[in-house]
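The values are calculated or read from the model by the stated rules, or taken from the named source; none is laboratory data. Here the structure is a predicted model, which means the values were calculated and not measured. Heads up, the Cβs are rebuilt from the backbone with ideal geometry, glycines too, and the neighbour counts pull from every protein chain shown. Accessible surface is based on the protein model in full, side chains and every heavy atom, while ligands, DNA and RNA are left aside. Shrake-Rupley method; radii C 1.70, N 1.55, O 1.52, S 1.80 Å.
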Amino acid sequence: MTKRLYYDDSHLLDFAAQVIAVEAHGENLFRVTLDRTAFYPTGGGQPHDTGALDNHTVVECLNADTHDAVVHVVRADAGAFAVGTTIAGRVDGARRFDHIQQHTAQHILSRSFRELYDAATEGFRLTETHGEVDIKLDDPTDARIHDALVLANRIVWENRPVHVHYMTPDEVARRGVRQRFEREGTMRVIEIEGFDLNPCGGTHAARTGEVGMILIPFWERAKGMTRLTFVAGERALEDYTHANRTARDVASHFSVSRDDALAAVLRLTDEHKTLQRRVRELSTLAAEAEAARLITESDPRPDDTRLITRIFTDRDAAALRTLAQRLATHTRTVALLACGEADTVRLVFARSLDAPGDMNQLMREACIALDGRGGGTSELAQGGGCFTPNLQATLAALAARV
Ligand SMILES: [Zn+2]
């Protein structure tokens, strides 16, 4: 049985205790049980404390299976423990205070949503970076969440006392807490004076002012609930600093003030769309002009068919296809176009309706030669394969078969 000193004083960091059990835990760890401890074991969504027992580092802290004792997992490199000796325990104060800020913030946030929207809290988790609360709020909006956040921060700034009570479920119910409890007997209840009463075994502030500030950087709908991501205290300062730096970096990129950054980004997005449209139009015009030049430069065969084979190095598939289609608008024209880059070759074959040849068949033969894949219709086919130095000869052989 371990007496939990943090129940009555969440700010107690140094304590003396007697070792009542020690067992080896793997090669380099001990599991140490004490008669009393200020260490908070993982539970209720809140991670464990860290610190030291004498000069042994406490890496983890958990409830014994029976829940009547707290087990400290410590590094064994500072020597062994002896049952019956008295040790000095020290909880890492920075980590504890961070957990106090986040956990107390959760109580205040949960009550704020209950107060304004009668929305109950269904779950809470605290990670290394943020807290998450799942709330039964069916119609969340930024405005509603902001209103609850304003109320929560007012409670913080009013610096209300936070009391620890021990009550029976009946006494809790008489104080207006609409919650059913599985456990019988006395339980620990946390009261934020004049605001909230909530059964809880965690570590809390002595006054709400310790929480500093609460922020909700994100919220989302998840599993039929509203999941709030929140940060409090020093984490809120870090989050603001990071968000402000990001906004200022974006703003300085556009040489505008921070609050004008969004407008600058939206303007750029609009311009980008307009330019993309213009590039598409100009690409079509360029393909038309290039097709006309290739036709002019080519000599027709005796049967009046023009065979145009070209290998490019700087065309994407869309540009290659556009050029082939423009060539196919000219009479009795067959275009066998390729683009070779690094290890790959892209192919587009096209012909005008009055020209001979089956582009699909030619493409299949090309793909066999280039170990690739492709196909299409008798008038237009696309494909690709592996680059070969003989690409020119391959195209010429195919052209000769038209
Ligand atoms: Zn709590």
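Here is how the numbers come out for the structure above:
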read-out: Thr284 being farther than 18 Å from Val348 by Cα and in a helix (DSSP H, G or I); value: no
read-out: Residue that is farthest from the ligand (Cβ to nearest atom), among those in region 211-222 that are open to solvent by less than 50 Å² (accessible area, probe 1.4 Å) and within 24 Å of Thr241 (Cα to Cα); value: Pro217
read-out: Any hit, region 176-192, residues being closer than 24 Å to His242 by Cβ and away from the ligand (no atom under 16 Å from the Cβ); value: no
read-out: Qualifying residue in region 79-97 (condition: open to solvent by less than 50 Å² (accessible area, probe 1.4 Å) and within 16 Å of the ligand (Cβ to nearest atom)); value: yes
read-out: Extreme residue, most open to solvent (accessible area, probe 1.4 Å), among residues of region 104-159 that are of a type in the set (Lys, Arg) and closer than 21 Å to Gln179 by Cβ; value: Lys136
